[in-house]
Each structure stands twice: as structure tokens, then as C-alpha cells.
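Q: Pasting in a structure now, in C-alpha cells, and then I'll have a few things to ask.
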Amino acid sequence: MLTHPSHVLFLRRHHLFSQLPDDVFEQVCGLAMQRRLSCHDTLMHQRDPAKRFFLLVSGQIKLYRITAQGQENLVEVIQPGQSFAEALLFSQTRYYPVSATALKDSVVISIDGNHYRNALEDQPQVCLSILASMSINLHQRLKDIDTLTLASASQRVINYLLEERDPQNDRVVLQVPKRLVASKLGIQPETFSRILHRLVENGLIAMERRDIRILATEALLDYHA
């Protein structure tokens with residue numbers, strides 16, 4: 001049962017719960033659970049029964065798949081305020097398609113999926129909000145697939161930098177280790193580092209550990225290697 005006042009308020013402000021009637025929201029909280037994860041703790045495993053979905057309060061969670069060859073492919077890094085696994089409520093998927101592991105000490109709110117889905121039957125506005133969120137995520141997944149299948153390794157890195165940059169100062173601060181970024185881009189960590197250093201040598205970016213500054217946006221867009 002979720003009773004911590006700040007966590008109840010955090011949940012209430014999230015778009016998946018903000019429009020629920022008070023009595024329904026109280027029921028959701030009654031079946032919700034708070035989980036504290038230490039760094040590297042696993043929240044769920046790929047192929048576990050998909051009975052709950054989650055909202056990250058603090059910390060950082062990585063979602064990833066293990067291929068048949070035993071390789072880890074990063075799907076997404078969840079930041080505080082983001083929910084995950086809620087899309088499974090509206091599909092016939094019975095098992096989690098990904099694993100979830102904490103990259104930092106984290107606090108997660110776990111929601112009973114069946115109860116929440118049943119509560120939505122009389123809440124069309126909430127359903128529309130969820131569908132909109134899923135549509136945005138689907139669009140991003142399709143964009144990621146296009147990038148992985150059509151772009152070269154250098155183009156993938158450049159696209160990532162341009163998408164992640166702060167437009168006010170052209171900085172990119174890597175929120176996760178470089179090996180995880182490389183995994184998300186479908187390249188080896190050594191390849192990712194080599195491309196970054198090549199961009200530095202060409203005067204296109206400056207880099208200090210996880211802090212990257214784009215020096216020449218137009219030239220970066222035109223770069224081919």
C-alpha cells in the first residue's frame with residue numbers, strides 16, 4: 001500500500017493518474033507498492049509475467065533485452081517521472097519483453113496492472129492520454145529502428161548528439177556510461193569512443209568525460225566517414 005504523502009502526490013500528478021476520480025485513485029494507491037532498489041538491483045526480468053507497471057520516483061533504470069546470443073541491447077534509460085511497462089496493459093502480451101535494472105539507487109512505485117486497467121473502463125479521457133503517450137513512444141521506436149538500419153555508425157552517433165544536445169548551449173551530458181549509449185546505437189563501445197575522438201580531431205566537438213560540446217553543427221550534419 002502506498003502511504004508516503006510525497007509519493008502519493010508524485011503519483012497523483014502523473015498523467016496516468018491525474019484524471020482518476022478520488023475514490024478510484026485511493027484504490028490504486030491501496031494496491032500500489034513502493035520499491036527501493038540499490039544500484040545494479042533488477043526490478044524485473046525479460047519473460048517474467050507482466051502483472052504490474054511502474055513509475056520511477058528517483059534514480060535511473062535501464063530497460064534492455066538479452067538476445068539469443070547473450071548480448072545485452074539497451075532499449076531505454078528511464079528517468080524520474082517516467083512510467084514504463086504500462087503499454088502491456090492494452091496488449092495480449094503476458095510477459096515483460098525487457099529486463100529492468102537500476103543504474104543508480106532508485107525508488108519505484110509499482111502499480112497493479114489488472115486493477116488499473118479495469119478502473120479505466122469508465123475513464124475515456126485517461127485512456128486517450130495513455131494512447132497519446134503510446135503513440136509518441138511508438139514513433140520514437142520506429143525512428144530508432146530507421147536509424148539503426150539505415151545509418152552508418154558515425155551517422156548514428158551524430159544523430160544521437162544532435163537529438164540529445166541542449167539547444168541553448170549545444171552541450172550533451174551523457175546520463176549513462178558510454179557503453180550503454182553504444183548499446184542503444186547498436187555499435188561496440190570501442191567504435192563509439194573511436195567516432196567521438198574522430199569528431200574531436202576534426203574540430204566538430206569538444207569532450208571532457210561525459211560532457212560533450214558541439215562546436216560546428218552544420219559541419220557535423222555534413223560529416224561523413
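Every number in this text was worked out from the coordinates using simple rules, so none of it is lab data. Nothing here was measured: the structure is a model prediction, and the numbers come from that model. Glycine also receives a Cβ, built like all others from the backbone with ideal geometry; neighbour counts cover every protein chain displayed.
Q: Please identify every one of the trypsin sites (Lys or Arg not before Pro) in segment 110-213 that sits in a loop by DSSP and has no more than 14 other beta carbons within 10 Å of its own beta carbon.
A: Arg209, Arg210
Q: Follow-up question, since we're still on this one. Quote the relative contact order of the chain in percent (integer), defining contacts as alpha-carbon pairs under 8 Å separated by 6+ residues.
A: Computed over the chain, the figure is 19 percent.
Q: Between the helical axis of 124-150 and the dominant principal axis of the chain, each derived from Cα atoms, what acute angle in degrees is found, rounded to the nearest 10?
A: The angle comes out at about 20 degrees.
Q: Could you give the length gained by full extension between Ser135 and Glu218, i.e. 0.36 nm per residue of separation minus their alpha carbon distance, to one decimal place?
A: 26.8 nm
Q: How tilted is helix 153-164 with respect to the longest principal axis of the chain? Cα atoms for both, answer in degrees (0 to 90, nearest 10).
A: Tilt relative to the chain: about 60 degrees.
Q: Moving on to the next point. Looking at the chain, how many pairs of lysines come closer than 18 Å at the Cα, when each pair is eight or more places apart or spans two chains?
A: Lysine pairs, 8 or more places apart or on different chains, close enough: 5.
Q: Work out, in µm²/s and without decimals, the Stokes-Einstein translational diffusion coefficient of segment 1-97 at 25 °C, 0.890 mPa s, Rh from Kirkwood over C-alpha pairs.
A: Estimated via Stokes-Einstein, D reaches 165 µm²/s.
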